[in-house]
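The values are calculated or read from the model by the stated rules, or taken from the named source; none is laboratory data. Quantities reported herein were computed from a predicted structural model and do not represent experimental measurements. Neighbour counts are summed over all protein chains in view; Cβ atoms, including those assigned to glycine, are modelled from backbone coordinates with ideal geometry.
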Amino acid sequence: MEVALFVPCYVDQFYPGAARATLELLEKLGVKVSYPEGQTCCGQPMANSGYEHLTGGCNENFIKCFQGYDYIVSPSGSCVLHVKDHLHSDKAPEASNEIRHRVFELTEFLTDILKVKQLDARFPHRVGVHQSCHGQRGLMLSQMSELTASPFSKPGMLLNMVRDIELVELDRKDECCGFGGTFCVAEEAVSVKMGKDRVADHLRNGAEFITGADMSCLMHMEGILRRNKSATKVIHIAEILNSK
Amino acid sequence: MHTDKKHAALADIFNKDEARVNWHDQTLWFVRAKRDRLTHDLPEWEVLRDTASQIKNHALSRLQHYLQEFEEQALANGVQVHWAADAEEHNRIVCELLKKKGIDRMVKSKSMLTEECHLNDYLAENGIEVIDSDLGERIVQLAKEMPSHIVLPCIHKKKEEIGDIFHEHLGTEAGVSDPQVLTETARQHLRDVFITRRAALTGVNFAVAETGEMVVCTNEGNADMGAHLAEIHIASMGIEKLIPKRAHLGVFLRLLTRSATGQPITTYSSHFRRPRKGQEMHVILVDNGRSRQLARPDFKNSLKCIRCGACMNTCPVYRRSGGHSYHHAISGPIGSILAPNLDMQKFADLPFASTLCGSCSNVCPVKIDIHNQLYKWRQELVKAGYTDKKKTIAMKLMASTLASPSKFKFAGKMGRITLKYAPFTVNNRFNPWYKGREMPEPPKQSFREWYKGRGDFGSS
């Protein structure tokens with residue numbers, strides 16, 4: 001099995017630790033991982049702003065980098081959802097279709113493809129889990145509170161394999177953090193308020209760390225935590241699953 | 001409410017009073033939580049949603065057929081049927097019906113369609129006074145405001161503020177905000193209205209093609225009080241309100257109020273089928289852009305909406321920006337996909353007033369893919385040129401940088417260096433991110449730089 005690691009643009013630049021943990025975790029689980037160097041961005045920032053027609057260049061580059069692998073794995077639910085829903089190319093329709101079916105967010109890759117049953121990880125802290133909307137409602141990584149349906153959680157299953165971790169219950173278990181791509185600057189007031197409220201829920205319930213499968217939401221909440229000089233930190237789920 | 005301000009600016013004003021935002025958010029979250037309790041108790045809930053969605057899809061796909069069937073049945077029942085292509089024609093029909101009978105005062109129960117058509121303003125200009133009989137609507141009417149929510153029109157007002165309005169208009173004592181006293185005052189006031197008005201206008205929740213009947217759902221019984229006492233009853237409905245059969249009500253009535261307010265059923269679900277002796281009953285079937293929306297493949301299923309407001313209650317943006325920030329009679333996520341159909345330029349901001357979190361689509365009782373339509377409207381609006389030119393330039397630059405590995409590497413490094421050595425260039429009031437949040441701390445190395453150091457680059 002050959003897996004290509006897709007590291008979203010902002011993770012590459014600002015959160016290399018999350019990408020590194022993803023790589024090391026996959027290797028620890030015996031997967032052969034490649035990192036195609038030419039990769040940049042999936043095109044989501046433009047597409048969600050209404051400029052999907054400008055994403056042709058990103059699409060072609062993405063296809064060039066990622067075709068031919070068994071799986072493409074990424075530590076970001078949002079970027080994976082964008083690729084699944086929107087990657088297309090008139091020049092390479094088959095390759096783009098293939099990639100759309102082979103791209104996985106890290107936690108779903110671990111639970112659904114590798115079928116991981118145990119992990120050698122320890123994280124002795126109180127942790128709040130942020131359900132990022134695109135991962136949860138788009139990729140269905142966990143059950144959604146709006147539906148009348150049985151609960152499940154792929155990130156939750158994995159975190160429960162970690163020794164000494166204590167997961168905290170939230171008052172609103174799957175509300176959006178307000179990041180929303182360009183929404184965070186275009187609708188600054190509401191975005192910040194949503195972020196503050198989400199962070200407050202974690203703090204109220206005693207989280208020392210806020211984790212999740214999407215670094216963009218964590219980046220947003222980190223911005224708010226640091227502004228308030230909070231001792232609580234954000235950490236990507238890959239870093240917990242890869243911790244000793 | 002007339003404003004040139006866009007959603008972001010209006011939301012910014014709303015957020016100046018954080019305690020009020022908290023109160024508004026928690027009030028609506030309470031309704032969402034109530035809805036969850038009721039719906040999670042029904043094992044067949046998701047089947048009901050599916051069924052409702054399919055009935056509506058079917059009805060919309062054969063709308064002409066069902067409209068004709070409805071008209072035939074209604075006429076046979078002795079109801080007079082009118083067709084209005086747009087808001088203007090609808091308003092004119094209502095006005096003429098009233099003028100013909102020499103009526104200059106009318107009572108009206110809740111109808112979002114008449115808000116959409118700005119009927120009250122039109123009739124006022126023509127010398128006809130309208131009193132809204134839904135309590136929430138009456139309150140915003142007295143306050144000279146638009147409803148901020150389609151089911152809970154005055155949810156943005158605290159009881160003390162309502163007390164002040166009642167003191168000014170209905171003569172309650174100053175400072176009284178006891179809900180019991182205020183509702184009793186409203187009852188007395190509206191009773192007088194019901195008894196003295198010769199004309200009543202109601203909305204329509206569901207119109208049944210098979211029987212020609214109209215079903216109006218209220219919690220206050222105000223539609224009934226108006227219609228039963230008046231000599232002329234006018235029912236205004238959008239053409240998308242049709243359902244094929246009466247049996248289908250068994251699906252929709254179970255979904256509507258559970259979704260809306262977390263009640264098993266509305267207090268009054270009244271069926272109006274034929275006029276009583278001596279009464280005139282009219283129905284006005286209004287298009288006002290609905291056929292246009294029906295012809296848009298990406299957006300036609302927005303017409304399945306049964307106006308429950310669940311998408312508003314669950315929307316984290318709506319709860320923290322208030323209904324008025326949408327500057328349209330129908331606010332929230334559903335308003336944001338319906339409004340651009342009416343006026344793309346005026347409502348070009350609304351599809352962007354969302355994080356695309358998708359909660360709206362999950363609570364929708366008729367399974368409208370609201371968040372996907374928000375995404376699609378963004379594409380349409382940009383293509384049609386209704387976006388800021390500066391944003392277009394920025395997006396083009398971004399797209400060209402991100403499409404090129406070398407430009408991206410360079411820009412990424414520059415970005416990190418800027419943040420590290422010249423943070424003052426971004427950490428200032430011109431950067432909207434920085435206003436309420438710290439910028440990320442720039443790492444020494446990007447992932448790709450670290451990976452290169454590791455010395456095993458994969459094929460690319």
Given (1) touching a residue at least 40 places away in the same chain (Cβ under 8 Å); (2) under 30 Å from B:Lys6 (Cα atoms), identify the lone condition not met by A:Lys193. (1)
Pairs where the first residue, in region B:381-401, is facing chain A (nearest Cβ under 10 Å) and the second is in a helix (DSSP H, G or I) and among the aromatic types (Phe, Trp, Tyr), C-beta under 6 Å, 6+ apart: B:Thr401/B:Phe408
Which of the residues spanning region A:173-212 are in contact with a Leu (Cβ under 7 Å, 6 or more places away or on another chain) and among the aromatic types (Phe, Trp, Tyr)? none
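Check A:Leu141, A:Leu110, A:Leu147, A:Leu119 and return the single one that is of a type outside the set (D, E, K, R), crowded, with 22+ Cβ neighbours inside 10 Å, modelled with pLDDT of 95 or more and out of contact with any Gly (no Cβ under 8 Å at 6 or more places or on another chain). Please lay out each step first, then the result.
Values: A:Leu141 fails: out of contact with any Gly (no Cβ under 8 Å at 6 or more places or on another chain); A:Leu147 fails: crowded, with 22+ Cβ neighbours inside 10 Å; A:Leu119 fails: crowded, with 22+ Cβ neighbours inside 10 Å.
Among A:Leu141, A:Leu110, A:Leu147, A:Leu119, only A:Leu110 is of a type outside the set (D, E, K, R), crowded, with 22+ Cβ neighbours inside 10 Å, modelled with pLDDT of 95 or more and out of contact with any Gly (no Cβ under 8 Å at 6 or more places or on another chain).
Take A:Ser78 and decide whether it is within 27 Å of A:His220 (Cα to Cα) and either in the same structural domain as A:Ile235 (by TED's automatic domain parsing) or hydroxyl-bearing (Ser, Thr, Tyr) (or both). Spell out how you get there, then give the answer.
Details: within 27 Å of A:His220 (Cα to Cα): yes; either in the same structural domain as A:Ile235 (by TED's automatic domain parsing) or hydroxyl-bearing (Ser, Thr, Tyr) (or both): yes.
Against the criterion (within 27 Å of A:His220 (Cα to Cα) and either in the same structural domain as A:Ile235 (by TED's automatic domain parsing) or hydroxyl-bearing (Ser, Thr, Tyr) (or both)), A:Ser78 qualifies.
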All conditions in (1) assigned to a loop (DSSP other than H, G, I, E, B); (2) within 11 Å of chain B (Cβ to nearest Cβ) are true of A:Asp90 except (2)
Filter result for the condition that a residue is among the aliphatic types (A, V, I, L, M) and outside any strand (DSSP E or B), over B:Ile234, B:Ile265: B:Ile265
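Is it the case, given these coordinates, that B:Gly415 is of a type outside the set (A, V, I, L, M) and assigned to a helix (DSSP H, G or I)?
So B:Gly415 passes the test.
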If a residue has to be under 18 Å from B:Glu71 (Cβ atoms) and among the aromatic types (Phe, Trp, Tyr) to count, how many in region B:235-277 make the cut? 1
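Residues being under 15 Å from A:Lys173 (Cα atoms) and either out of contact with any Cys (no Cβ under 7 Å at 6 or more places or on another chain) or more than 13 Å from chain B (Cβ to nearest Cβ) (or both): count how many of those fall in region A:201-244.
Of region A:201-244, the ones under 15 Å from A:Lys173 (Cα atoms) are A:201-207, A:210-213, A:217.
Keeping just the survivors that are either out of contact with any Cys (no Cβ under 7 Å at 6 or more places or on another chain) or more than 13 Å from chain B (Cβ to nearest Cβ) (or both) gives A:201-207, A:210-213.
Total meeting the criteria: 11.
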Out of all the residues in region B:424-460, which are more than 7 Å from chain A (Cβ to nearest Cβ), at pLDDT 80 or above and assigned to a helix (DSSP H, G or I)? B:Tyr434, B:Glu449, B:Lys452, B:Gly453, B:Arg454
Checking A:Gly68 against (1) at pLDDT 95 or above; (2) crowded, with 23+ Cβ neighbours inside 10 Å, only one condition comes out false. Which one? (2)
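Output the residue which, of all residues in region A:38-73 that are closer than 15 Å to A:Ala4 by Cα, touching a residue at least 12 places away in the same chain (Cβ under 8 Å) and assigned to a loop (DSSP other than H, G, I, E, B), is farthest from the other protein chains (Cβ to nearest Cβ).
Of the residues in region A:38-73, the ones closer than 15 Å to A:Ala4 by Cα are A:38-42, A:61-73.
Those still in the list that are touching a residue at least 12 places away in the same chain (Cβ under 8 Å) too: A:38-42, A:61-67, A:69-73.
Narrowing the set further to residues that are assigned to a loop (DSSP other than H, G, I, E, B) leaves A:38-42, A:67, A:69-70.
Details: A:Gly38: 4, A:Gln39: 7, A:Thr40: 4, A:Cys41: 4, A:Cys42: 9, A:Gln67: 11, A:Tyr69: 9, A:Asp70: 13 Å.
Residue satisfying both the conditions and the ranking: A:Asp70.
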